[in-house]
1. Do you know which residues across region 66-78 are in contact (Cβ under 8 Å) with a residue 24 or more places away in the chain and in a loop (DSSP other than H, G, I, E, B)?
2. In the set Asp92, Asp84, which member is in contact with a helix residue (DSSP H, G or I) (Cβ under 9 Å, 6 or more places away or on another chain) and assigned by TED's automatic domain parsing to the domain that holds Ser166?
3. Quick one: how many residues across region 83-109 are exposed (fewer than 13 other Cβ atoms within 10 Å of the Cβ) and not small (Gly, Ala, Ser)?
4. Check region 110-118 and report whether any residue there is in a helix (DSSP H, G or I), buried (at least 18 other Cβ atoms within 10 Å of the Cβ) and in contact with a strand residue (DSSP E or B) (Cβ under 6 Å, 6 or more places away or on another chain).
5. Do we find that Lys48 is without any contact (Cβ under 8 Å) to a residue 40 or more places away in the chain and charged (D, E, K, R) in this structure?
6. Anything in region 79-101 that is closer than 20 Å to Asn286 by Cβ and in a strand (DSSP E or B)? List them, or say none.
7. From the list Arg110, Arg137, Arg152, Arg131, which residue is over 22 Å from the mean Cα position of the chain (by Cα), closer than 20 Å to Asn53 by Cβ and in the same structural domain as Glu94 (by TED's automatic domain parsing)?
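The values are calculated or read from the model by the stated rules, or taken from the named source; none is laboratory data. Keep in mind that what you see is a predicted model, and the values were worked out from it rather than measured. Here the Cβ is made from the backbone with ideal geometry for all residues, glycine too, and neighbour counts use every protein chain on show.
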Amino acid sequence: MNSPFIPWFRGHLALASATLCTFSCALSAADFLPAKQQFRQELARHFKVPGVNLQLLDITAEGSIRCFAGGRWYVLEEKAFVVDEKLTPSADGEFLFSGATGEPAKVPVRWRNVIQIIRLAQSILVVAADRILSVSRTSQADVPWQKPALIRQVAVSRVGKLYVASSAGLWEQSASGWQQVLAKDAAGRLWSGDDVLGVGFDSNERLWFATKAGAACRGTPDWKFYEGKDGLPWTDFTGIATGPRGEVWFATHLGAIRFDNVDWHYRQGPLWLAGDDIKQVATSPNGSVWFATSAGVTRLEFQPMTLAAKADRYEG
């Protein structure tokens, strides 16, 4: 027997279906509108360098980017690194580089031994594995360093005090000479007594250093130590660089690490780096970070980007 309820139910079901279809069509059209809000997207760009065996990065206060390979300097012009003809190859026992005003400068150091260039307001430090030279427009002089240890990296505080990461620990310059920096954790372990692989100051003037055991930061006044259990992904370090937002970059023999004061971020593989073995890391005045790697130079930077623009970049 037919129930009077059935026609009523069918009618209301059809009306509900039509309403749902109309709503769904309208909703789907709105769902696929590109989002207008922007977020900071991390982008990588790789540059091939004609030379081999990348050794150094040099970034001026104006943002000029140079790299040193095989005894020659290459400067970034538009989209490629080209030989800097103003800096002709030097003899094996000399190192030629760009001075404070762009003029060629020369120091009596084997170019193969140079590991770092630090540009200060009144001078340039040329750091070799066993020597530190201070070069100004009118003079050059050795910064006393007589430790029987290999220099890994040098950092300079805001007041001009030098800190040296070396194969014999971490050292700071003082009026009476060099004093070892003693950094002990809660268990009494001395982190800074043996081979220290990198050193730097972040934008908050906190001292950082890196060893095979992990990374350490000196606050006010205590030290904070980071190991694998704290999220640090790798410890085979080759150097440290710092950015304007308080971030700290760690170069390693297997990728790059960024610490943003909250989380650790690991970058490895061709999506992020031209090569995983990083020889040196440096930051530019605009906050971008540069890596001299085993296979070329990489720039990592953050740019404002919408979700639609990101989809076009990675899926287009």
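1. Of everything in region 66-78, just one residue is in contact (Cβ under 8 Å) with a residue 24 or more places away in the chain and in a loop (DSSP other than H, G, I, E, B), namely Gly71.
2. Sole residue among the options that is in contact with a helix residue (DSSP H, G or I) (Cβ under 9 Å, 6 or more places away or on another chain) and assigned by TED's automatic domain parsing to the domain that holds Ser166: Asp92.
3. Matching residues across region 83-109 total 7.
4. yes
5. No, not satisfied.
6. Listed by number, the residues that qualify are Ala80, Phe81, Ser98.
7. Arg110
So that you can scan it fast, the table gives a plain yes or no per residue for (1) crowded, with 17+ Cβ neighbours inside 10 Å; (2) of a type in the set (S, T, N, Q); (3) under 26 Å from Phe225 (Cα atoms); (4) in contact with a Ser or Thr (Cβ under 6 Å, 6 or more places away or on another chain):
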residue	(1), (2), (3), (4)
Gly243	yes, no, yes, yes
Val248	yes, no, yes, yes
Asp263	no, no, yes, no
Arg267	yes, no, yes, no
Ala274	yes, no, no, yes
Ala282	yes, no, yes, no
Ser294	no, yes, no, no
Arg299	yes, no, no, yes
Phe302	no, no, no, no
